[in-house]
Amino acid sequence: MKKIFSKISTLFLCLLPLSSYAEEIAVSSDPWDQALTAVLHIMTGATATTVGAIALAGTGYLFLRGRIDVMRLLAIVAGLGLIFGAPHLAQLLQHAGGQ
């Protein structure tokens, strides 16, 4: 089971950047801004959201079967929350620092 999960998750991670190139990148004259915006879209785009939902559902099933402890479950949930909440958190910190 571990080998199958490992192979499937590796496949998802390999295909994740490919689908994100279809997303529109914000127009900017700064090449660093364009590159970092592309990375942000890869990490928080639609494909990443789908992979995160699958990971969370898989973790939930493992928890229900008693194969994963509560601390690991909470770590996965917190990690997903930080990944997908990072743009909002950065924006909140930017506005708080400017006032």
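For this structure, a couple of remarks:
- Segments classed as helices (runs of 4 or more DSSP H), wholly inside the stretch 1-76, with at least 3 members that are at pLDDT below 85 and loosely packed, with under 13 Cβ neighbours inside 10 Å: 2-20
- On the stretch given as the stretch 84-99, residues that are among the polar types (S, T, N, Q) and exposed (fewer than 10 other Cβ atoms within 10 Å of the Cβ) total 2.
- Residue count for the stretch 30-64, restricted to those that are of a type in the set (A, V, I, L, M, F, W, C) and either over 23 Å from L74 (Cα atoms) or touching an Asp or Glu at 6+ places or on another chain (Cβ under 9 Å) (or both): 9
- Taking residues in the stretch 66-93 that are touching a residue at least 24 places away in the same chain (Cβ under 8 Å), and partners anywhere that are of a type outside the set (A, V, I, L, M, F, W, C), the pairs with Cβ atoms closer than 9 Å and at least 6 places apart or on different chains are L80/G52; I83/T44; I83/G52; F84/T44; F84/T49; F84/G52; A86/T44; P87/T44.
The values are calculated or read from the model by the stated rules, or taken from the named source; none is laboratory data. Owing to the predicted nature of the structure, the values given are computational and were not obtained by experimental measurement. Virtual Cβ from ideal backbone geometry, glycine too; neighbours counted across all protein chains shown.
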